[in-house]
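Q: Input: one structure, supplied below.
The values are calculated or read from the model by the stated rules, or taken from the named source; none is laboratory data. The structure displayed is predicted, hence computed values, not measured ones. A quick note on method: Cβ atoms are made from the backbone with ideal geometry, for glycine too, and the neighbour counts reach across all protein chains shown.
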Amino acid sequence: MSESKAMILGCSGPELTPEEVSFFAAERPWGFIVFARNVADASQLTELTAAMRDAVGRPDAPVFVDQEGGRVQRLRPPLAPNYPPASNLGVLYASDRASGLRVAWLLSRLHAFDLRRYGISADCLPVLDVPVPGAHDVIGERAYGNDPETVLAMGQAAADGLSDGGVIAVMKHMPGHGRALADSHLDLPRVDAPLEALRAHDFTPFAGLERIHAAMTAHVVYEAIDPDHPATTSPKVISEIIRGELGFDGLLMTDDVSMKALSGDFGSRTNAILAAGCDLVLHCNGVMEEMRAVAGRAPVLSKKSLERAEKALQVCTNDDGADEAALREEFAAFFAAA
């Protein structure tokens, strides 16, 4: 089996082009990610994820997706139901803690059923960002609540639901995007809150969930820690905060490197990310020229990063034997009652 490079890549459309097949075979990304542009119907999506794995010669190559519920949901009917956003689940938690935790687990367990049948093995969920008043709405209803305790408890239940169904959970956006005043897809957010405020609010859910096997960084500058670099390219944020203070020793991937929050060409972005201590570079848009630049700088996945990647993949062997129809009925009943 050939070695994999420290990158996760997307593709341009609903099937791999001959150029993409050749490129993936030669450059060997560790994993892939799919978006709505890659989804046409059930058989097509199943064939696409199989073709991705065939291209790199690894049946266990992970395929990621952003499948949260609400406005961030790449698979829609008829491939998967339209699900409520995290904030709706948080309302249930506020009125009855046990019901909230159960429905967070249920939604993620249903995601696992939805994703696995199409060959998708990792979900960029739970969102552990804790919004503050006046923050940009890029998180908004994607958050379980506005207090760290709610987000921590609901995030753990959501991660457990994915893991129980054999899907890798990826918590995001570490160490916290909830205070950002800009959308990092378009601009570089800067957070000027003092470190103690970040510790008490933004970091808390991530500190409580260090046992999740994978996480995604935030393209956010925390001026109290490193005023010059967003977390994704900051050795100080990654080593001192994410790995040190928050105790996360799992697989650390970036948010999408094609987002406008990052500066420089794609080769220099890749260098900065890996030098800062991230394990994997995530590139999503399928633009071949950009992917070639990332691949040109991405090393073979090795040592501690390889160990973390292999540990995360072990989740994909989980199967709790749950009854899908019964869980769908139970989930629907919560919202019928509400």
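Q: Can we say Met7 is aliphatic (A, V, I, L, M), touching a residue at least 60 places away in the same chain (Cβ under 8 Å), farther than 16 Å from Leu125 by Cβ and touching a Gly at 6+ places or on another chain (Cβ under 9 Å)?
A: Values: aliphatic (A, V, I, L, M): yes; touching a residue at least 60 places away in the same chain (Cβ under 8 Å): yes; farther than 16 Å from Leu125 by Cβ: yes; touching a Gly at 6+ places or on another chain (Cβ under 9 Å): yes.
For Met7, the condition - aliphatic (A, V, I, L, M), touching a residue at least 60 places away in the same chain (Cβ under 8 Å), farther than 16 Å from Leu125 by Cβ and touching a Gly at 6+ places or on another chain (Cβ under 9 Å) - is met.
Q: Among the candidates Ala153, Ala158, single out the residue that is touching a Pro at 6+ places or on another chain (Cβ under 8 Å), assigned to a helix (DSSP H, G or I) and more than 24 Å from Leu188 (Cα to Cα). Working first, answer last.
A: Working: Ala153 fails: touching a Pro at 6+ places or on another chain (Cβ under 8 Å).
The conditions single out Ala158.
Q: Output the residue which, of all residues in the stretch 214-227 that are in a loop (DSSP other than H, G, I, E, B) and modelled with pLDDT of 95 or more, is surrounded by the fewest Cβ atoms within 10 Å (Cβ to Cβ).
A: In the first step, residues of the stretch 214-227 are kept if they are in a loop (DSSP other than H, G, I, E, B); the result is 218-220, 223-227.
Keeping just the survivors that are modelled with pLDDT of 95 or more gives 223-227.
On the way: Glu223: 13, Ala224: 15, Ile225: 18, Asp226: 19, Pro227: 11.
The extreme case among them is Pro227.
Q: Considering Ala86, Ala98, Ala26, Ala61, which residue is among the small types (Gly, Ala, Ser) and farther than 24 Å from Met253 by Cβ?
A: On the way: Ala86 fails: farther than 24 Å from Met253 by Cβ; Ala26 fails: farther than 24 Å from Met253 by Cβ; Ala61 fails: farther than 24 Å from Met253 by Cβ.
Only one candidate qualifies: Ala98.
Q: Can you name every one of the helices (runs of 4 or more DSSP H) wholly within the stretch 243-338 that holds 2 or more residues which are within 22 Å of Asp123 (Cα to Cα)? Let's see the steps before the verdict.
A: Numbers: elements: 266-276, 288-297, 303-313, 324-337.
In the stretch 243-338, 303-313, 324-337 are the helices (runs of 4 or more DSSP H) which contain 2 or more residues that are within 22 Å of Asp123 (Cα to Cα).
Q: List the pairs whose first member sits in the stretch 204-218 and is over 19 Å from Gly166 (Cβ atoms), whose second member is part of a helix (DSSP H, G or I) and aliphatic (A, V, I, L, M), and whose Cβ atoms are under 6 Å apart, counting only residues at least 6 apart or on separate chains?
A: Pro205/Val151; Pro205/Leu152; Gly208/Leu152; Thr217/Ala231; Ala218/Ala231
Q: Could you check, for the stretch 61-75, whether at least one of its residues is modelled with pLDDT of 95 or more, surrounded by fewer than 15 Cβ atoms within 10 Å (Cβ to Cβ) and not basic (Lys, Arg)?
A: no
Q: Can you work out which of the residues in the stretch 183-199 that are modelled with pLDDT of 90 or more and part of a loop (DSSP other than H, G, I, E, B) is surrounded by the most Cβ atoms within 10 Å (Cβ to Cβ)?
A: If we take residues in the stretch 183-199 being modelled with pLDDT of 90 or more and part of a loop (DSSP other than H, G, I, E, B), then Ala193 is surrounded by the most Cβ atoms within 10 Å (Cβ to Cβ).
Q: Let me ask another. Going through the stretch 139-182 one residue at a time, which ones are hydrophobic (A, V, I, L, M, F, W, C), crowded, with 20+ Cβ neighbours inside 10 Å and more than 26 Å from Phe113 (Cβ to Cβ)?
A: Once the filter is applied, which keeps residues that are hydrophobic (A, V, I, L, M, F, W, C), crowded, with 20+ Cβ neighbours inside 10 Å and more than 26 Å from Phe113 (Cβ to Cβ), the stretch 139-182 yields Ile139, Met174, Ala180.
Q: Pro235 fails exactly one of the following numbered conditions: (1) in contact with a strand residue (DSSP E or B) (Cβ under 6 Å, 6 or more places away or on another chain); (2) farther than 17 Å from Leu128 by Cα. What is the number of that condition?
A: Going through (1) in contact with a strand residue (DSSP E or B) (Cβ under 6 Å, 6 or more places away or on another chain); (2) farther than 17 Å from Leu128 by Cα one by one, Pro235 breaks only (1).
Q: Let me ask you something else. Which of the residues spanning the stretch 231-245 are among the hydroxyl-bearing types (Ser, Thr, Tyr) and either surrounded by fewer than 24 Cβ atoms within 10 Å (Cβ to Cβ) or in contact with a Cys (Cβ under 9 Å, 6 or more places away or on another chain) (or both)? Explain how you work it out, then say what you get.
A: Restricting attention to the stretch 231-245, the residues satisfying the condition of being among the hydroxyl-bearing types (Ser, Thr, Tyr) are 232-234, 239.
Residues satisfying the conditions are Thr232, Thr233, Ser239.
Q: Might you let me know whether the stretch 108-130 holds any residue that is of a type outside the set (Phe, Trp, Tyr), more than 17 Å from the chain's Cα centre (by Cα) and within 16 Å of Asp147 (Cβ to Cβ)?
A: Among the residues of the stretch 108-130, not one is of a type outside the set (Phe, Trp, Tyr), more than 17 Å from the chain's Cα centre (by Cα) and within 16 Å of Asp147 (Cβ to Cβ), which makes the answer no.
Q: Still on this structure, please answer the following. Name the pairs: first residue in the stretch 262-275 and surrounded by 14 or more Cβ atoms within 10 Å (Cβ to Cβ), second residue among the aliphatic types (A, V, I, L, M) and in a helix (DSSP H, G or I), Cβ to Cβ under 7 Å, at least 6 apart or on different chains?
A: Close Cβ pairs (under 7 Å, with a partner that is among the aliphatic types (A, V, I, L, M) and in a helix (DSSP H, G or I)) amount to Phe266/Ala293; Phe266/Val294; Gly267/Ala293; Thr270/Val294.
Q: Restricting the search to the stretch 20-41, which residues are surrounded by fewer than 17 Cβ atoms within 10 Å (Cβ to Cβ), out of contact with any Lys or Arg (no Cβ under 8 Å at 6 or more places or on another chain) and under 21 Å from Leu75 (Cβ atoms)?
A: Arg37, Ala40, Asp41
Q: Here's another thing I want to ask about it. Can you pull out every residue in the stretch 95-135 that is part of a loop (DSSP other than H, G, I, E, B), over 22 Å from Ile242 (Cβ atoms) and without any contact (Cβ under 8 Å) to a residue 60 or more places away in the chain? Reasoning before the result, please.
A: Going through the stretch 95-135, the residues part of a loop (DSSP other than H, G, I, E, B) turn out to be 96, 117-121, 124-126, 128-135.
From what is left, the residues that are over 22 Å from Ile242 (Cβ atoms) are 96, 117-121, 133-134.
Selection gives Asp96, Pro133, Gly134.
Q: Could you list, in sequence order, the residues of the stretch 230-257 that are within 15 Å of the chain's Cα centre (by Cα) and either of a type in the set (Ser, Thr, Tyr) or farther than 19 Å from Leu282 by Cβ (or both)?
A: Thr232, Thr254, listed by residue number.
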